[in-house]
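Novice: Take this structure first; my questions come after.
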Amino acid sequence: MSLTPSVSSSVDLRRIIDPDTYFDNNLPPTNLQWAHDEVARFVKSQAPDQRIVLVTSGGTTVPLENNTVRFVDNFSAGTRGSSSAEQFLALGYAVIFLHREQSLQPFNRHYSHSTQGMLSYLQRATDGSLRIKPEWEDKMGRDLDAYQKYTAQDKLLMVSFTTLSDYLFLLREVSLLVAGLGPQVMFYLAAAVSDFFIPSHSMSEHKIQSAEGDLTLRMNQVPKFLGPLVKNWAPLCFIVSFKLETDPQLLGSKARHALKKYGHQVVIANMLNTRKWQVWLFTREEIEPATIQIDQSDLAAGHDIEQDLVKELARRHQKYIKEAQVSHA
Ligand code: PMT
């Protein structure tokens, strides 16, 4: 069976995947209005000079059927985003955490996806009540306290997506709501976003039948939404994008190319296999990237690379805010 888009010429394809028309041709997520109201409320509840970061995290899916049974997923557990959100909170940021449903979440991440399962942290006490195992009490207590503190202070807002389309609608919505705050807002785009999709009008309506034989997929290219984000949606904000590659020969040139093409502030380049202990920070001003690296033994001891990465980004963001204030004065 062949699932080919119904358009035939490259001109038509370009029109369909244009960022501006994408939103006319695809359905918004059911939580869009809720997200709009919650983000507007969250932003309003912050102090006027509060630094805010939008952290995107986890992978987007692209459905193969409108009534979706099958989909193509993008690799990302959500470690980078959830760990970074914790670091941003510790540095005083208010965090909007736009994440893939069921991916790792700040503080909960240490337990929710454990290979032994949640129950392995619990035991029954002699009086019959359920208790945290003593060896977990300190760490779990610290994570619980931090999570409850930031939630009570209204410093952490969770918004979830599943598909590419959900993500793009929500990204645009949140961007437009926070853009007015200008330089004090950082975008930290760690989500792994699909580069290929099937427009909904070209998708099979119902479950693709295996009785029809082999399946050939033809997918359209997703436009890069960094373009409209940087240029139109949030032009004054501090924007950090990520570049993921598996071929080391491509990484540096692709990161530089992204900076040149979109004109934003920072690209964090990482390789799939070493991303947990080594990243490179590219800017337009610096010829050589800054390397951020930790020992693998530090990682095993619980030191995430995001502690160093987020600290460095927060420092650069502070400088960006100051420069914007000076040029405004
Ligand atoms: O979650 P973990 O398991 O910890 O993994 C973290 C990570 C490896 C996923 C993360 O560090 C990372 O690299 N995220 C970005 C992955 C990605 O989408 O890379 P890319 O090279 O395909 O895209 C580059 C940039 O373009 C991204 O910032 C993305 O937001 C943006 N993009 C991508 C596709 C698209 N259609 N539009 C976009 O704007």
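What follows draws every value from the coordinates through simple rules; no lab data is involved. All values reported here derive from a predicted model rather than from experimental measurement. Backbone-built Cβ (ideal geometry, glycine too); neighbour counts: all protein chains shown.
Novice: What residues qualify as long-range amide H neighbours of residue 239, i.e. H under 5 Å apart, gap of 5 or more or another chain, H built at 1.01 Å from N?
Specialist: Excluding prolines and chain starts, which carry no amide H, the hits are 187, 265, 266.
Novice: What is the P(r) of the range 60-111, as percent of Cα-Cα pairs per 10 Å bin from 0?
Specialist: Each 10 Å bin holds this share of Cα pairs: 23, 41, 24, 11, 1.
Novice: So, one more: Along the range 244-255, what does the Karplus equation 6.51 cos²θ - 1.76 cosθ + 1.60 (θ = phi - 60°) give for ³J(HN,Hα), rounded to whole Hz, x for Gly and Pro?
Specialist: 10, 9, 10, 9, x, 5, 8, 4, x, 5, 5, 5
Novice: Just give me a number: lysine pairs in the range 222-289, eight or more positions apart or cross-chain, with C-alpha atoms less than 17 Å apart.
Specialist: Lysine pair count for the range 222-289: 10.
Novice: Using +1 at the Cβ of each Lys and Arg and -1 at the Cβ of each Asp and Glu in the range 230-290, identify which of 233, 271, 258 lies farthest towards the dipole's positive end.
Specialist: 233
Novice: To the nearest Å, what is the center-to-center distance of the range 270-286 and the range 185-253, using C-alpha atoms only?
Specialist: Value for the Cα centre distance between the two parts: 20 Å.
Novice: Still on this model: How charged is the neighbourhood of residue 123? Take every other residue with its Cβ under 9 Å from the Cβ of residue 123, and add Lys/Arg as +1 and Asp/Glu as -1.
Specialist: Working: positive: 124, 131, 133; negative: none.
Result for the local shell: +3.
Novice: Magnitude of the Cβ-charge dipole of the chain, K/R +1 and D/E -1, about the Cα centre, nearest 20 debye? Could the numbers behind the result be given before it?
Specialist: Details: 34 positive and 36 negative charges, 118 e Å.
Here the size comes out at about 560 debye.
Novice: Between 255, 314, 290, where does the largest GNM mean-square fluctuation fall for the chain, given springs only between Cα atoms within less than 10 Å?
Specialist: 290
Novice: Quick one: 3J(HN,Hα) in Hz for the range 19-31, Karplus 6.51/-1.76/1.60 with θ = phi - 60°, rounded, Gly and Pro as x.
Specialist: Residue by residue, the range 19-31 yields x, 5, 8, 3, 6, 7, 9, 10, 7, x, x, 5, 8 Hz.
Novice: Rounded to the nearest 20 Debye, what is the dipole magnitude of the range 142-262 about its Cα centre when Lys and Arg each give +1 and Asp and Glu each give -1 at the C-beta?
Specialist: It works out to roughly 620 debye.
Novice: May I ask for the net charge around residue 276, where only other residues with Cβ less than 11 Å from the Cβ of residue 276 are counted and Lys, Arg are +1 while Asp, Glu are -1? Write out the running numbers ahead of the final one.
Specialist: Numbers: positive: 80, 275; negative: 298, 304, 306.
So the surrounding residues net to -1.
Novice: Which value in Å is the Kirkwood Rh of the chain over different Cα pairs? Don't jump to the answer; show the numbers that get you there.
Specialist: Details: mean 1/r = 0.0465 Å⁻¹.
Kirkwood radius, the chain: 21.5 Å.
Novice: Further question: What number, rounded to the nearest 500 deg cm²/dmol, is the helix-based mean residue ellipticity at 222 nm of the chain, given -39500 (n - 2.57) per DSSP H run of at least four residues and division by all its residues?
Specialist: My calculation for the chain gives -11500 deg cm²/dmol from helical runs alone.
Novice: Let me ask something additional. Express in nm, to one decimal, how much length is gained between residue 133 and residue 40 on full extension, taking 0.36 nm for each residue of separation and deducting their alpha carbon distance. Could the numbers behind the result be given before it?
Specialist: Numbers: separation 93, 0.36 × 93 = 33.48 nm, distance 4.05 nm.
Once the chain is fully extended between residue 133 and residue 40, it gains 29.4 nm.
Novice: Under a Cβ-only charge scheme (Lys and Arg +1, Asp and Glu -1), can you give me the dipole magnitude of the range 108-184 about the Cα centre, in debye to the nearest 20? Walk me through the intermediate numbers first.
Specialist: Working: 9 positive and 9 negative charges, 16 e Å.
Its charge dipole is roughly 80 debye.
Novice: Ordered by residue, what ³J(HN,Hα) values in Hz, to whole numbers, does the range 132-139 give under the Karplus form 6.51 cos²θ - 1.76 cosθ + 1.60, where θ = phi - 60° and Gly and Pro are x?
Specialist: Ordered by residue, 3J(HN,Hα) equals 6, 4, x, 5, 9, 4, 5, 5 Hz.
Novice: Another question, if that's okay. What residues qualify as long-range amide H neighbours of residue 161, i.e. H under 5 Å apart, gap of 5 or more or another chain, H built at 1.01 Å from N?
Specialist: Those qualifying (amide H under 5 Å, at least 5 residues apart or on another chain) are 99, 100, 101.
Novice: Taking the Cβ of residue 317 as the center, what net charge do the other residues with Cβ under 12 Å away carry, scoring Lys and Arg +1 and Asp and Glu -1? Can you show the working numbers first?
Specialist: Details: positive: 51, 311, 315, 316, 319, 322; negative: 312, 323.
Around residue 317, the charge tally is +4.
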